[in-house]
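First the structure, in the form of structure tokens, and then the observations on it.
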Amino acid sequence: MGKHCPACNQLHYYPRPHCPFCGHRETQWRQLSGKGHVYSHSIVERSPRPMAPAIIELEEGIRLHSVVTDADVYALEIGEAVTLRFLPTQDGPPVPGFTTVRAEHARAYGDHARQLLKSAPSPLIDALDQVAVIGSGHMGVGISLAFLQAGLKVQLIDQAQEALDGAQQRIQETLDQELSKGRLDQETRNQRLARLAVSTDLSSIGKAGLVVEAVWEDMALKRELFARIDAHAHPDAILATNTSTLDVGEIAQATQRPGAVVGLHFFNPAHVMRLIEIVRTPLTSARTLQAAQAVASRIGKTGIVVGICDGFVGNRLMIVRERQAGRLLLEGALPHQIDRFLREFGLPMGTFELQDMAGGIALMHRSRQRRGERDWLIQQLFESGRLGMRAGRGFYRYEAGKRRPIVDPEVTVLIEEASRQEGLKRRPIGDEELHDRLILPMINEGAKLISEGIVDRASDIDLVWQLGYGWPQWKGGPMYYADQLGARQIVNRLEALQARHGEMFKPADLLVELAASGGRLTAPAP
Ligand SMILES: NC(=O)c1ccc[n+]([C@@H]2O[C@H](COP(=O)([O-])OP(=O)(O)OC[C@H]3O[C@@H](n4cnc5c(N)ncnc54)[C@H](O)[C@@H]3O)[C@@H](O)[C@H]2O)c1
């Protein structure tokens, strides 16, 4: 809304009753288009949602002080088209602000991508009442909570009674926290707890319509367990594994019903994260796949069907990015520089902040050891007890009880020494190189996933990254972003990187084809 002065015929956005131009006392509200462009802007750093205080020039010619939000504010251009967007406030009515038209297009694309996922109904899941979760560790607890939240009965099974005791306590604590925050009433909390049963006896799972395994990541263990699950589970039950890295097909082969086996790759924390990668094997039946998709919807999550490959979809893109991030440290970048770039790119967190939060240094150390690889830097960080945020020290240091990463000169010294050990002369690395080294390999890997048939469509990759890794809706996803850059440009830049750094940057065949044909990875929203 704007105000119109009938005396001087000027439009304005002045809150007082009189006209700011001629002083006339009677101005009238008039509906405005809500469309305009950015006249000038600045940026609020580290805002929880992207925020650029801006002067917006409306189509009607009025300039007003407002904000551009939920958009790529670091890439905002003077003259960029914007449109009205209301911002929620904590206790009052929403306040008007603006978002870019580019961001609106990306959101429309994401909405369309979600519609493409709609699955057929599954009578099996409609009738589902009881679920068995095997393994009461970190993921088992989150998965159980997810099912309890959806009103299902959960049988939580573990080989160790102490693990079950701990799990029961964590489930109760989580429900109590929800209660104290007012997100749950006492009766619902009690009902959820009453629907949870724990046991060390695997033979008690016969009434469950779905069994989800979440034990240690070990193929021999999972195969042995699936053979036993197969013997005790209801003949119609769906058998799922939460494995992050193992071949679900090989696990399925340990049963007499490989058609009923599927991967349900939950993200951590499983009761909060909305994504499930549904991993199909060549033998997974249509009924099982349909049931897996229906389970995801029944518990309020988005299930995206993926094929078997190392890291599935989400982690496969993450792994190529992490590899480059580690390499860039040795060549001259520092963790806070890479993390700042990724945040400004639009991701909720940088890669090293994320590692510190998730205990990544210990995980990386163990996986390097398993593969017999030597990584001096990770070993030093691990051995000096820099295990991440909880330890108060990781790639950054942390003040007691605070989550804000602080640059630690001790880590800088270690990184510089690591470069020396690798015989690398450190050099300044700019944002453009960070962009190409960190983002283009993700796009390249995504293109390979499409050609390998791991995903049904490019937009599934984007949804995985939106829901599982916080890629902002206003930037679509890595594949959508790739189409904004254009395949030709991506291939040119990858080829330049390949010439300098080697085969890992070789452009995917699909990108080369699209560069030649002028085609796109994603289908535009109708
Ligand atoms: N932690 C994550 O972020 C994450 C995310 C997605 C998937 N996953 C996958 O989930 C699975 C579990 O991971 P986690 O982090 O919860 O592990 P965890 O170590 O926290 O828990 C594993 C539990 O399995 C139990 N267990 C082991 N063998 C068993 C058996 N034969 N029968 C019954 N219980 C048994 C253990 O006692 C333990 O309580 C792994 O396959 C992992 O790759 C983990």
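Structure above, values below:
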item: Hey, L175 surrounded by 15 or more Cβ atoms within 10 Å (Cβ to Cβ) and more than 26 Å from the chain's Cα centre (by Cα) or not; result: no
item: Condition met for H365 (at pLDDT 95 or above, closer than 18 Å to Q324 by Cα and under 26 Å from the mean Cα position of the chain (by Cα)); result: no
item: Residue selected from region 440-455 under the condition among the aliphatic types (A, V, I, L, M) and in a helix (DSSP H, G or I), by the criterion surrounded by the fewest Cβ atoms within 10 Å (Cβ to Cβ); result: I450
item: Which numbered condition G182 misses (of (1) at pLDDT below 95; (2) within 13 Å of the ligand (Cβ to nearest atom)); result: (2)
item: Selection within region 127-175 - within 10 Å of the ligand (Cβ to nearest atom) and without any contact (Cβ under 8 Å) to a residue 12 or more places away in the chain; result: E162
item: Within region 1-113, strands (runs of 3 or more DSSP E) holding 2 or more residues that are in contact with a Pro (Cβ under 8 Å, 6 or more places away or on another chain) and on the phi < 0 side of the Ramachandran plot; result: 63-69, 81-87
item: Subset tally (residues that are in contact with a helix residue (DSSP H, G or I) (Cβ under 8 Å, 6 or more places away or on another chain), over 19 Å from E417 (Cα atoms) and touching a residue at least 12 places away in the same chain (Cβ under 8 Å)) for region 365-396; result: 3
item: Complete set of residues in region 61-73 that are of a type outside the set (G, A, S) and surrounded by fewer than 15 Cβ atoms within 10 Å (Cβ to Cβ); result: R63, H65
item: Given (1) more than 15 Å from F98 (Cβ to Cβ); (2) under 43 Å from the mean Cα position of the chain (by Cα); (3) loosely packed, with under 15 Cβ neighbours inside 10 Å, number of the condition H12 does not satisfy; result: (3)
item: Of all residues making up region 275-333, the number that are more than 19 Å from the chain's Cα centre (by Cα), of a type in the set (D, E, K, R) and assigned to a loop (DSSP other than H, G, I, E, B); result: 1
item: Residue list for region 226-236, filter: touching a Leu at 6+ places or on another chain (Cβ under 8 Å) and part of a helix (DSSP H, G or I); result: F226, R228, I229, D230, H232
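Yes/no matrix, rows are residues, columns are (1) outside the structural domain of A106 (by TED's automatic domain parsing); (2) charged (D, E, K, R):
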{"residue": "F21", "(1), (2)": "yes, no"}
{"residue": "E45", "(1), (2)": "no, yes"}
{"residue": "H65", "(1), (2)": "no, no"}
{"residue": "A71", "(1), (2)": "no, no"}
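Residue-wise test of (1) more than 8 Å from the ligand (Cβ to nearest atom); (2) surrounded by fewer than 24 Cβ atoms within 10 Å (Cβ to Cβ); (3) not assigned by TED's automatic domain parsing to the domain that holds D218.
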site: L246; (1), (2), (3): no, yes, no
site: A254; (1), (2), (3): yes, yes, no
site: G259; (1), (2), (3): yes, yes, no
site: V262; (1), (2), (3): yes, no, no
site: A270; (1), (2), (3): no, no, no
site: V279; (1), (2), (3): yes, no, no
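Each row is one residue, and each column tells you yes or no for (1) more than 9 Å from the ligand (Cβ to nearest atom); (2) polar (S, T, N, Q); (3) within 13 Å of V131 (Cα to Cα); (4) surrounded by 14 or more Cβ atoms within 10 Å (Cβ to Cβ).
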site: R189; (1), (2), (3), (4): yes, no, no, yes
site: R192; (1), (2), (3), (4): yes, no, no, yes
site: D201; (1), (2), (3), (4): yes, no, no, no
site: E213; (1), (2), (3), (4): no, no, yes, yes
site: K222; (1), (2), (3), (4): no, no, no, yes
site: R228; (1), (2), (3), (4): no, no, no, yes
site: A231; (1), (2), (3), (4): yes, no, no, no
site: P235; (1), (2), (3), (4): yes, no, no, no
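The values are calculated or read from the model by the stated rules, or taken from the named source; none is laboratory data. Everything numeric in this text was worked out from a predicted model, so none of it was measured. Note: ideal-geometry Cβ built from the backbone for every residue, glycine included; neighbour counts use all protein chains shown.
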